[in-house]
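J.: Structure incoming, see below.
The values are calculated or read from the model by the stated rules, or taken from the named source; none is laboratory data. As the structure is a computational prediction, the values presented were derived from the model and not from experiment. We place every Cβ from the backbone using ideal geometry, glycine too, and count neighbours over all the protein chains shown.
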Amino acid sequence: MKGDIFQAIADPTRRAILVLIAAQSMTPNALAEHFDTSRQAVSKHIQVLVDCELLTQNKVGREIHYYFNPVKMKEFDHWLTQFKKHWEDRFNQLDQLLINLNSNSDEN
Amino acid sequence: MNFSVDKENNRINVEREFAAPVGKVWAAWTQQELLDQWWAPRPWKARTKSMDFREGGTWLYAMVGPEGEEHWSKADYLSIDAKKSFSAIDAFCDADGEINKDFARSTWTNTFTEANGSTTVSVVIQYDKYEDIEQIMQMGFKEGFTMALGNLDELLEK
């Protein structure tokens, strides 16, 4: 069961975790040192990020290392496309509105 | 439409030409009854609660979804140069305009230039840092501005 990627990203601590791990893979202990919250709280955040596949884990001996999942970057390109389309849709509606304004009045 | 993300300066640039004189295009961007007609991409609708278009004033509005769900936003106007440009700081908020601090704010600068009866609008959206841009794009996506959430599941399967 995958988690909601957007819920995951909406939390500022989890965004901070992503930024740290994107720079360098880390163990939960190393990660927890960057935050004021408890080790358990950080673990919960990590689990949320793993659930939505923003992080992957790899066991090295007795330690678990977490890695940033680069597939997310591909998805980001997709988001970019969507964001752009959002603007295009919006502007097409404005075109229509301006046509209506032109036919209804002549204030200029 | 020109669209670019300036990663170095944490900026999104959008530029588009409209086949109307600047007076009308300016009105469409600055009058609530006109904004409500185009600001939200279908099937969403923009619904203004209050708008005070002057420096220091605020536009408080909701994006209303097909099921009646509401996402509130606001823009605080910083500077206005009539029919030339205006800038504002945006924010996600609640129905009373109380800002949601989980999300980054950005500063918008919209510039209007008329030539040969057409008007080019340049929108510069300035963020503090690049992560803010990623976050806001993901938000926009989530709110279903352009796609049903079902498509997201498909996307994440890939």
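J.: Can you report the number of residues in the stretch B:66-123 which are surrounded by 16 or more Cβ atoms within 10 Å (Cβ to Cβ), touching a Phe, Trp or Tyr at 6+ places or on another chain (Cβ under 7 Å), modelled with pLDDT under 95 and under 21 Å from A:Phe91 (Cβ atoms)?
T.: 6
J.: Then there is this: Out of B:Glu143, B:Glu131, report the one residue that is at pLDDT below 90, under 24 Å from B:Leu34 (Cβ atoms), among the acidic types (Asp, Glu) and surrounded by 15 or more Cβ atoms within 10 Å (Cβ to Cβ).
T.: Going through B:Glu143, B:Glu131 in turn, the sole match is B:Glu143.
J.: Continuing with this model, one more query. What are the residues in the stretch B:6-18 that are more than 7 Å from chain A (Cβ to nearest Cβ) and over 15 Å from the mean Cα position of the chain (by Cα), if any? Don't jump to the end; show me each part of the working.
T.: Here is the first cut: in the stretch B:6-18, the residues more than 7 Å from chain A (Cβ to nearest Cβ) are B:6-13, B:15, B:17.
Scanning the stretch B:6-18 gives B:Asp6, B:Lys7, B:Glu8, B:Asn9, B:Asn10, B:Glu17.
J.: Can you tell me which residue in the stretch B:40-62 is farthest from B:Ala95 (Cα to Cα), limited to those that are modelled with pLDDT of 90 or more and among the hydrophobic types (A, V, I, L, M, F, W, C)? So that I can check it myself, show each step before the final result.
T.: Of all residues in the stretch B:40-62, those modelled with pLDDT of 90 or more come to B:46-62.
Then drop every residue that is not among the hydrophobic types (A, V, I, L, M, F, W, C), which leaves B:46, B:51, B:53, B:59-60, B:62.
On the way: B:Ala46: 13, B:Met51: 13, B:Phe53: 19, B:Trp59: 12, B:Leu60: 8, B:Ala62: 8 Å.
It comes out as B:Phe53.
J.: From the list B:Arg42, B:Arg47, which residue is more than 10 Å from chain A (Cβ to nearest Cβ) and within 15 Å of the chain's Cα centre (by Cα)? Don't jump to the end; show me each part of the working.
T.: Values: B:Arg42 fails: more than 10 Å from chain A (Cβ to nearest Cβ).
After applying the criteria, what remains is B:Arg47.
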